[in-house]
Each structure stands twice: as structure tokens, then as C-alpha cells.
1. Just want the ordering: 31, 78, 258, 87, from fewest to most Cβ atoms lying within 10 Å of their own Cβ.
2. Compute the FRET efficiency between residue 211 and residue 16 as 1/(1 + (r/R0)^6), taking r as their Cβ-Cβ distance and R0 = 51 Å, and round to the nearest 0.05.
3. Neighbouring Cβ atoms within 10 Å as the yardstick, rank 157, 20, 225, 176 fewest first.
4. When a footprinting reagent is the concern and you count Cβ atoms within 10 Å, what order do 33, 55, 83, 257 take, fewest first?
């Protein structure tokens, strides 16, 4: 019992030390521009490893630019696409989270129902049932994350998904909102978010896809970049996607409804 108490105390102290590290790291961002994020570093290792073991060419682009050097169109487009209530919420949109949770539960229930139907229909053919079950795709997970939550996840956390990591993400989002202004949060987000394989930040994305600085992006160009954010590597290889064009038009139409900080 004593050893368990000692172990629990050490775990508690380690947890508190980690939270203190996060507080200090975020506080420093008041005056120091973060040049990389946890996600960027993990991607750098992955891309570097692939370039050494395959014929894949190393490509990496990331350049910090100040808030004023990012087109207002891109700020509006990203907010309209990712988080229209960015300037109003305190880091977490609880209604969006609840809605996402309910959607995920419904999708999971549908997958489980389909699996049960297959098992009943092929009860006498176990091999066929197993093959059919393997073809069932897992449900697409809806996140409901705000821009602040996305920044918290990419900036300081690993890519794994579990309840503990989600709880830490929520805590960090609230901490970001407490210590930093909305403008600073959006500035860091736009300079660190992924826009393709080895492409991070608004300046790198503008140069990569439109051969111009982020300050010169038009409304439609900004909307196209915003549409890429949920799946940047997917859309990077499909520049002529009809969905990308249609969705960009929708985002461009919504941009007037939001005002960047």
C-alpha cells in the first residue's frame, strides 16, 4: 500500500510538472514566435525517414510571417471554414463538441448494426462473414474542435487519440485563451498549420500553391487554402478537385459573415 501511495504521488508530481511546463511554454509565446510545433517535428522525422529509406525527395517549407503580413482574406476564410465563432468562444465550443459526440455515436451505432446484420445473414458461413466484416469501414470521426483546440493539439501534444489526450487538449485550449489574445492565437495557428506534405504556415502555402506571398492572397485563393485544412495531403494531390472548387465558393460566400480579431 505504501509503495502504491509513493507511486501515485510521483505520478501526480509528474503531471503537475507537465502542466507547469505547458504554462511556461505558452507564456513565452507572448513575446517569442514558436518556430515549430510538436506535430511539425513529428512530421519532420517522418519525412526525413522516408527520404532515407525510399526514393521520396525531402521537401520542407515553413516561414513565419507577422499577423499583418497575412491576407485578411485568409483569416476570414479559415474562420468561416473551421471556426466561425472563434472571436466569441473561450477556446472550446461546447455545443459543437456535444453535437460532434452525438454524430460519432450515431455513426458508430450504424456500423455496429451493419456488422450484426452481416453476422446474422452469414451465420453458417464464418469465412464469408469475416471477409465481409473486414470490408466495413470504420466511422468517420467528427471532431468539433475550435481553432484554439487545433492549435493546442498541434503545438504541444502527440497525434494519438484517447480521452486523456482530449482532456489535455481542452485544458490547453482554455490556457491559450487565458494567456494569449485572439489575434496572437490566430497568428500562431496560421503560421503553423499544415497545408500539405512538408508545407506549414500561410506563407509556405501561398508560395507553394499560388507563387505569391500570404499578404497577396485573393478571397478565392484564401478560400481554396481554407478548404484544404481538414485533409491537406489529400487535396494537395487533387488540385483540380470539383469538390475543392465548390467548397471554396461556399467558403468565399461566408467570409463576409466573420470578422478576424
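1. Least crowded to most crowded, the residues run 31, 87, 258, 78.
2. 0.55
3. Going from least to most buried by this count: 20, 157, 176, 225.
4. The most exposed by this proxy come first: 55, 257, 33, 83.
Each reported figure results from applying straightforward, stated rules to the coordinates on display, with no laboratory input. Quantities reported herein were computed from a predicted structural model and do not represent experimental measurements. For neighbour counting, all protein chains shown are included, and Cβ atoms are generated from backbone atoms with ideal geometry for every residue, glycine included.
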